[in-house]
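*Asks:* Pasting a structure here, questions to come.
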Amino acid sequence: QKDLHYVPGHNGMVHLFEWKWGKIAEECENFLGPMGFGGVQVSPIQENVIIKNRPWWERYQPISYKWATRSGTAKEFKDMVRRCNNAGVRIYVDVVFNHMTGNHKNAKGTGGSTADTQNFNYPGVPYSGFDFHVSCPINNYQDAGNVRNCELSGLHDLDQSKEYVREKIVNFLNKIIDVGVAGYRVDAAKHMWPEDLKVIYSRVKNLNPEHNFPSGARPYVFQEVIDYGGEAISKYEYNSFGAVTEFRYGIELSNALNGKNQLKWFSNWGEAWGLLPSQDAVVFIDNHDTQRGHPEILTYKSSKKYKAMILQMAVAFMLAHPYGTARIMSSFAFDSFDANPPQDSIGNLISPTINSDKTCGNGWICEHRWRQVYNMVRFRIAANNTDVNNWWDNGQNQIAFSRGNAGFIAINGDGHDFKQHLYTSLQPGIYCDVISGNLENNVCTGKTVTVDQNGKAYIEILANEEDGVLAIHRQSKL
Ligand code: QV4
Ligand code: CA
């Protein structure tokens, strides 16, 4: 349950937050597949309650397990999974089964279901009061019972120890596996008992071999457990039976690039820092929650504030480094927490348009389409199964390392020029820096780096350059 089943030669997961199924299918065929992305985390698929002005977070309030959301219908979902698998890109669904909705007058769902939320009645499943914990608010993160048996933000809390509830959840999961999904993100896993989760996961089917999964393959499970330390519940309660989101990853890197720590300390980045074992960790700089509620975390908005595009630097480091399963956040532009995704006057989602330079329009940020990001996905693929070697730093925020003899990256987090002769471990030759440009038809549109007979090269990242990163790899050789 910790194997992603990426197609060989693919790597990196992108969260296409609030994208429509049809558009994701196109993205798999036109961009993600050809670029070598490993998988997509998609927004919740189950029917949710409709909330006025349609904030993104209505999708975290399930009203039934029907596949009907603003992202599309069951038919469109199935078609997307098939097309993405054919393009070599796996699909991971964000599943929400800790709770149903909060209280709403005349609750109506995106698939036409209704609910009497005050009385815990959800005929679309059906669930009734008997299937829920007795209502109480989560207000004490020092008490595991409170966190797991009470309501997160007033969301009616299902009791996963009940056979009936387990059966409904397992059926829902089995149906997504049937159509070729490779795994799922478990929303609010911290708010459920590990024993219950273990039983639920163990009952889910093997992956569907018709979609090119090996026979007997288990779904990849990654659980949303936010553990910054200091609470009753720990990430180590969950990682024996599935992967876990490693929230400390993004905060540590953001702190360093925000000048609160030095990059040189990252020479032993990984478990030595108190992070989960690499195999168990899903890592990311920002996610859909932290980009809204955590000013200290780097997001696409940071890149406007600083001349050096520091989100890209953090993402480049993440993709260059072998630790963890890397996930990239792909956003829509927003000004406030509640802001809805791009939509028309009657609430239909408006999909991104694609510009000629590969970036997105219509209010979509599409970080995964930034050259500095997709080219680092290709770096990660080229460097697959190699370690960090030849770590170099200047004692502050200029660092460099190689990945076996497959790739080399240098980062300038200092305010002065980076000018060094460094050992790259790459074959002699001329390489295209994939951060400042692209290698197209054997022409490099960015900086080039010449690796000499001894594997050494002159590396330069000036303080006033737009990007604070330089990266070359065996596939970027001219
Ligand atoms: C409000 C009040 C409550 C009150 C309730 C009564 O705030 O005090 O009890 O009304 O009716 C939305 C609103 C929230 C509202 C709630 C219920 O923002 O104000 O409560 O709905 O109507 C997303 C959003 C939440 C949103 C929720 C459901 O972030 O704001 O709540 O969707 O629509 C912890 C958890 C972690 C969680 C994180 C946000 O450990 O698991 O908080 N992260 C995941 C998702 C996240 C999602 C949920 C969990 C819930 O990543 O996006 O919350 O599914 O750290
Ligand atoms: Ca719970």
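*Asks:* When we measure straight from the Cα of Lys477, which aspartates and glutamates land under 16 angstrom away, once same-chain ones fewer than 8 places off are left out?
*Replies:* Asp433, Glu440, Asp452
*Asks:* Given the convex hull over the Cα atoms of segment 378-435, what projected area results after averaging over all orientations, in nm²?
*Replies:* Values: hull surface 17.4 nm².
Dividing the Cα hull surface by four gives the mean projection, 4.4 nm².
*Asks:* So, one more: If I take R0 = 22 Å and measure r between the Cβ atoms of Lys260 and Tyr228 in this structure, what FRET efficiency does the formula 1/(1 + (r/R0)^6) give, to the nearest 0.05?
*Replies:* Values: r = 15 Å, r/R0 = 0.69.
Taking R0 as 22 Å, the efficiency between Lys260 and Tyr228 is 0.90.
*Asks:* Another question, if that's okay. Using 0.36 nm per residue of separation minus the Cα-Cα distance, give me the extension gain between Asn384 and Glu296 in nm, one decimal.
*Replies:* Values: separation 88, 0.36 × 88 = 31.68 nm, distance 3.07 nm.
That pair, Asn384 and Glu296, stretches by 28.6 nm at full extension.
*Asks:* I'd like the Kirkwood hydrodynamic radius of segment 255-413, using the inverse of the mean 1/r over distinct C-alpha pairs, in Å.
*Replies:* Numbers: mean 1/r = 0.0586 Å⁻¹.
That comes to 17.1 Å for segment 255-413.
*Asks:* Quick one: dipole size for the chain, taken about the Cα centre, charges +1 on Lys/Arg Cβ and -1 on Asp/Glu Cβ, in debye to the nearest 20. Each step should come with its number before you reach the end.
*Replies:* Numbers: 47 positive and 50 negative charges, 166 e Å.
Dipole magnitude for the chain comes out near 800 debye.
*Asks:* Name the residue from Leu422, Gln398, Asn385 whose Cα lies farthest towards the positive end of the charge dipole of segment 338-478, charges +1 on Cβ of Lys and Arg and -1 on Cβ of Asp and Glu.
*Replies:* Most positive-ward Cα: Asn385.
*Asks:* Considering all projection directions equally, how large on average is the shadow of the alpha-carbon convex hull of the chain, in square nanometres?
*Replies:* On the way: hull surface 85.8 nm².
Taking the Cα atoms of the chain, their convex hull projects to 21.5 nm² on average.
*Asks:* Can you tell me the relative contact order of segment 258-336? Whole percent, Cα pairs under 8 Å, sequence separation 6 or more. Show your work: numbers first, answer last.
*Replies:* Values: 67 pairs, mean separation 27.7, N = 79.
Once normalised by length, the contact order is 35 percent.
*Asks:* Could you tell me which of Ile354, Asn140, Met318 has its Cα farthest along the dipole of the chain towards the positive end, charges placed at Cβ (Lys, Arg +1; Asp, Glu -1), taken about the Cα centre?
*Replies:* It is Ile354.
*Asks:* What percent does the relative contact order of the chain come to when contacts are Cα pairs within less than 8 Å and at least six residues apart? Don't skip to the end; give the middle numbers.
*Replies:* On the way: 1073 pairs, mean separation 59.1, N = 478.
Value for the chain: 12 percent.
*Asks:* To continue, here is another question. Taking amide H positions as placed in the peptide plane 1.01 Å from N, state which residues far from Asn121 in sequence (5 or more) or on other chains have amide H under 5 Å from it.
*Replies:* Amide H neighbours of Asn121: Asp116.
*Asks:* Per Stokes-Einstein, at 4 °C and 1.567 mPa s, what whole-number D in µm² s⁻¹ belongs to segment 195-240, with the Kirkwood radius over Cα pairs as the hydrodynamic radius? Please list the in-between numbers first.
*Replies:* Working: Rh = 12.8 Å.
Calculated translational D: 101 µm²/s.
*Asks:* Report Rg(Cα)/(2.2 N^0.38 Å) for segment 1-94, keeping two decimals. Before the final figure, lay out each step's value.
*Replies:* On the way: Rg = 13.6 Å, N = 94, 2.2 N^0.38 = 12.4 Å.
Normalised by 2.2 N^0.38 Å, the Cα Rg of segment 1-94 equals 1.10.
*Asks:* For segment 237-296, evaluate the Debye formula with one uniform point scatterer on each Cα (no solvent term) and list log10 I(q)/I(0) at q = 0.22 Å⁻¹, rounded to two decimals.
*Replies:* Scattering profile of segment 237-296, log10 relative to I(0): -0.94.
*Asks:* Return the carbon/sulfur percentage of the accessible area of the chain, one whole number, probe 1.4 Å, all protein chains in place.
*Replies:* Working: 8520 of 17980 Å².
Carbon and sulfur atoms account for 47 percent of the accessible area of the chain.
*Asks:* Still on this structure, please answer the following. Per-residue ellipticity at 222 nm for the chain, helices alone: DSSP H runs ≥ 4 residues times -39500 (n - 2.57), over residue total, nearest 500 deg cm²/dmol?
*Replies:* Only helices count here, giving -5500 deg cm²/dmol.
*Asks:* What whole number of Å gives the distance from the Cα centroid of segment 423-478 to the Cα centroid of segment 15-58?
*Replies:* 34
*Asks:* Sticking with this one: Are there trypsin sites (Lys or Arg not before Pro) in segment 26-86 that DSSP puts in a loop and that have at most 11 other Cβ atoms within 10 Å, and which ones?
*Replies:* Numbers: sites: Lys52, Arg59, Lys66, Arg70, Lys75, Lys78, Arg82, Arg83; in loops: Lys52, Arg70.
Filter output for segment 26-86: Lys52.
*Asks:* Further question: Keeping all protein chains in place and using 1.4 angstrom, which order do Ser153, Ser128 fall into by accessible surface area, from largest down? Please report the intermediate quantities before stating the final value.
*Replies:* On the way: Ser153 105, Ser128 50 Å².
From most accessible down to least: Ser153, Ser128.
*Asks:* Using the reciprocal of the averaged 1/r over all distinct C-alpha pairs, how large is the Kirkwood radius of segment 334-377 in Å?
*Replies:* Numbers: mean 1/r = 0.0843 Å⁻¹.
Hydrodynamic radius (Kirkwood, Cα only) of segment 334-377 equals 11.9 Å.
*Asks:* Ignoring the sites themselves, what is the longest stretch of the chain with no GluC sites (Glu not before Pro) in a DSSP loop and at most 13 other beta-carbon atoms within 10 Å?
*Replies:* Values: sites that count: Glu296, Glu466.
Result for the longest clean stretch: 1-295.
*Asks:* Per-residue HN-Hα couplings for segment 138-154, Karplus 6.51 cos²θ - 1.76 cosθ + 1.60 at θ = phi - 60°, whole Hz, x for Gly and Pro?
*Replies:* Coupling constants for segment 138-154: 6, 9, 9, 6, 8, 10, 4, x, 4, 5, 9, 10, 10, 8, 7, 6, x Hz.
*Asks:* Still on this model: Within segment 339-441, which trypsin sites (Lys or Arg not before Pro) sit in a loop by DSSP and count at most 16 neighbouring Cβ atoms inside 10 Å? Please list the in-between numbers first.
*Replies:* Values: sites: Lys358, Arg369, Arg371, Arg378, Arg380, Arg403, Lys419; in loops: Lys358.
Answer in residue order: Lys358.
*Asks:* What is the pair-distance distribution P(r) of segment 323-478, computed from all Cα-Cα distances in 10 Å bins starting at 0, with each bin given as a whole percent?
*Replies:* Here the calculated profile for segment 323-478 is 10, 33, 31, 16, 8, 2, 0.
*Asks:* Here's another thing I want to ask about it. Modelling each spin label as a point 7 Å along the Cα-to-Cβ direction, I'd like the Asn30/Lys419 distance in nm, to one decimal.
*Replies:* Calculated label separation equals 4.4 nm.
*Asks:* Still on this model: Just flag the chymotrypsin sites (Phe, Trp or Tyr not before Pro) in segment 226-272 sitting in loop per DSSP whose Cβ has no more than 11 other Cβ atoms within 10 Å. Show your work: numbers first, answer last.
*Replies:* Numbers: sites: Tyr228, Tyr236, Tyr238, Phe241, Phe247, Tyr249, Trp265, Phe266, Trp269; in loops: Tyr228, Tyr238, Phe241, Trp269.
Hits after loop and neighbour filter: Tyr228.
*Asks:* Expressed as a fraction of 2.2 N^0.38 Å, the rule-of-thumb size for a compact globular protein of N residues, what is the C-alpha radius of gyration of segment 66-180? Provide the component values of the computation, followed by the final result.
*Replies:* On the way: Rg = 16.2 Å, N = 115, 2.2 N^0.38 = 13.4 Å.
So the Cα radius of gyration is 1.22 times the expected 2.2 N^0.38 Å.
*Asks:* Over segment 382-459, calculate the relative contact order: mean separation of alpha carbon pairs under 8 Å at least 6 apart, over the residue count, as a percent.
*Replies:* On the way: 151 pairs, mean separation 18.4, N = 78.
24 percent.
*Asks:* Hey, another quick one. Multiply the residue separation of Ser240 and Glu460 by 0.36 nm, subtract the distance between their alpha-carbon atoms, and state the gained length in nm to one decimal. Kindly include the intermediate steps, with their values, before the conclusion.
*Replies:* Numbers: separation 220, 0.36 × 220 = 79.20 nm, distance 4.37 nm.
Gain on stretching Ser240 to Glu460: 74.8 nm.
*Asks:* Could you work out the Kirkwood radius for segment 150-207, taking every pair of different alpha carbons, averaging 1/r and inverting it, reported in Å?
*Replies:* Values: mean 1/r = 0.0817 Å⁻¹.
In segment 150-207 this quantity evaluates to 12.2 Å.
*Asks:* Moving on to the next point. Using only Cα atoms and rounding to the nearest 10 degrees, what angle (0 to 90) does helix 371-382 make with the longest principal axis of the chain?
*Replies:* Tilt of helix 371-382: around 90 degrees.
The values are calculated or read from the model by the stated rules, or taken from the named source; none is laboratory data. Just so it is clear, the structure is predicted and the values come from calculations on it, not from any experiment. As a convention, Cβ positions derive from the backbone with ideal geometry for all residues, glycine included, and neighbour counts pool all protein chains shown. Each accessible area value is taken on the protein alone, full model and side chains, heavy atoms only, with ligands, DNA and RNA left out. Shrake-Rupley method; radii C 1.70, N 1.55, O 1.52, S 1.80 Å.
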